[in-house]
Amino acid sequence: MKDKLSQEDISRIIEMAWEDRTPFEAIEFQFGLKENDVREIMRTHMKASSFRMWRKRVSGRTTKHTKLRPDDVKRFKAPHGLW
């Protein structure tokens, strides 16, 4: 799947991966990519220093994994009207 991604898709995946509240499961749902695939895309399409900074930010972040989120957070996106 990741071999057939457009530049627009790659940009959106990177954007979603950077967002604190977007879980990897949302990226998988939308693009069919597992966390390791996202990591590979980030590593390939970012400067090494930016990739390291991103990895440091998302490591252990509960909002990046649905199973680690509090039970009251059940959505992938903001409710209508907040953007």
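Every number in this text was worked out from the coordinates using simple rules, so none of it is lab data. The model shown is predicted, which means the values in this text are computed figures rather than measured ones. For neighbour counting, all protein chains shown are included, and Cβ atoms are generated from backbone atoms with ideal geometry for every residue, glycine included.
Numbers for the structure displayed
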{"quantity": "Ascending count of other beta-carbon atoms within 10 Å, so fewest first, for 59, 50", "calculated": "59, 50"}
{"quantity": "Cα-based radius of gyration of segment 12-55 once divided by 2.2 N^0.38 Å, which approximates compact folds", "calculated": "1.05"}
{"quantity": "Theoretical gain in end-to-end length, residue 15 to residue 28 [0.36 nm per residue, Cα-Cα removed]", "calculated": "3.3 nm"}
{"quantity": "Label-point gap, in nm, between residue 57 and residue 44 - each point 7 angstrom along Cα→Cβ", "calculated": "2.1"}
